[in-house]
Amino acid sequence: DSGVTQTPKHLITATGQRVTLRCSPRSGDLSVYWYQQSLDQGLQFLIQYYNGEERAKGNILERFSAQQFPDLHSELNLSSLELGDSALYFCASSVGQGRYENTEAFFGQGTRLTVV
Amino acid sequence: EDKVVQSPLSLVVHEGDTVTLNCSYEVTNFRSLLWYKQEKKAPTFLFMLTSSGIEKKSGRLSSILDKKELFSILNITATQTGDSAIYLCAVFSNSGYALNFGKGTSLLVTP
């Protein structure tokens, strides 16, 4: 158990809908990263937050947004869902930011999103 | 653009064999390289490498980084069926915050 908690584990929803994925980082970790993993793609970086502030953006669609709350948990919001959004969504956390400091990152179990 | 390339993409070996997985990278201002093992779901952290030539070891797994040639290898000796997984390599750089992943090597260990 990495200590990173993601809910829900599975989510099935229809096209056009909106969902929220939740991540609680390990105790003491300030950074949260969101990744998308599809069958034919590796782990694609979406967005990173550090201590409540957005730090980096990857290939995140405009239909997707995220935030990190004062208690450091994070939520990834996916809207106007399309079939192609079906994937595993992972959250990872680390103590540091990854830039200018060495930090290990630990992953949650992921949320499997299926859009039908 | 930063690039992390793993090879081979896929590997099938017999139990007891030794395997070497490769990870090469082209990143601006390299910071650290991390190895993960992904079985059914979450990638599990294995090693973090920051200095050249220092071997990290955990049981039958070991890894080394060559910062001059820009690559890392992950060795698994006396493989077991439980080593079957996708092994992921990822890099932190000082020019970005996020972990940049390679596509992974899929390892299958047959009895």
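The values are calculated or read from the model by the stated rules, or taken from the named source; none is laboratory data. The shown structure was predicted, so the numbers you read here are calculated from the model rather than taken from an experiment. For neighbour counting, all protein chains shown are included, and Cβ atoms are generated from backbone atoms with ideal geometry for every residue, glycine included. Calculation scope for accessible area: heavy atoms of the full protein, side chains included, ligands and nucleic acids excluded. Shrake-Rupley method; radii C 1.70, N 1.55, O 1.52, S 1.80 Å.
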Am I reading the A/B interface right? What is its buried accessible area, both sides, 1.4 Å probe, to the nearest 100 Å²? 2200
So what does the Cα-only Debye profile of the protein assembly as shown read at q = 0.08, 0.09, 0.17 Å⁻¹, as log10 I(q)/I(0), no solvent term? -0.28, -0.36, -1.22
Span from the segment A:1-73 Cα centroid across to the segment B:69-111 one, whole angstrom: 22
Scalar couplings 3J(HN,Hα) for segment B:44-50 by Karplus 6.51 cos²θ - 1.76 cosθ + 1.60 (θ = phi - 60°), nearest whole Hz, x for Gly and Pro, are 9, 5, 10, 9, 10, 10, 10
From the C-alpha gyration tensor of chain A, pull out the three semi-axes of the equivalent ellipsoid (sqrt of 5λ each), sorted largest to smallest, in whole Å. 23, 14, 13
Return the long-range amide H neighbours of A:SER86 (sequence gap of 5 or more, or a different chain), with a cut-off of under 5 Å between placed amide H atoms. A:VAL115
Gyration tensor (Cα) of segment B:16-69, equivalent ellipsoid semi-axes in angstrom: 20, 15, 11
A:LYS57 paired with A:SER79, simple spin-label distance in nm, labels 7 Å along Cα-to-beta-carbon: 1.5
Taking H as built 1.01 Å from N, whose amide H comes closer than 5 Å to the amide H of A:ARG55, not counting residues under 5 places away? A:GLN48, A:TYR49, A:TYR50
Each residue of segment A:87-97 in order: what ³J(HN,Hα) in whole Hz does its phi give by Karplus 6.51 cos²θ - 1.76 cosθ + 1.60, θ = phi - 60°, with x for Gly and Pro? 5, 8, 10, 10, 10, 10, 9, 8, 5, x, 8
Mind scanning A:LYS9/B:LYS57; A:LYS9/B:LYS37; A:LYS9/B:LYS56; A:LYS9/A:LYS57; B:LYS40/B:LYS68 and naming the pairs with a C-alpha gap bigger than 29 Å? A:LYS9/B:LYS57; A:LYS9/B:LYS56; B:LYS40/B:LYS68
13 Å beta-carbon shell around B:LEU11, net charge (K/R +1, D/E -1): -2
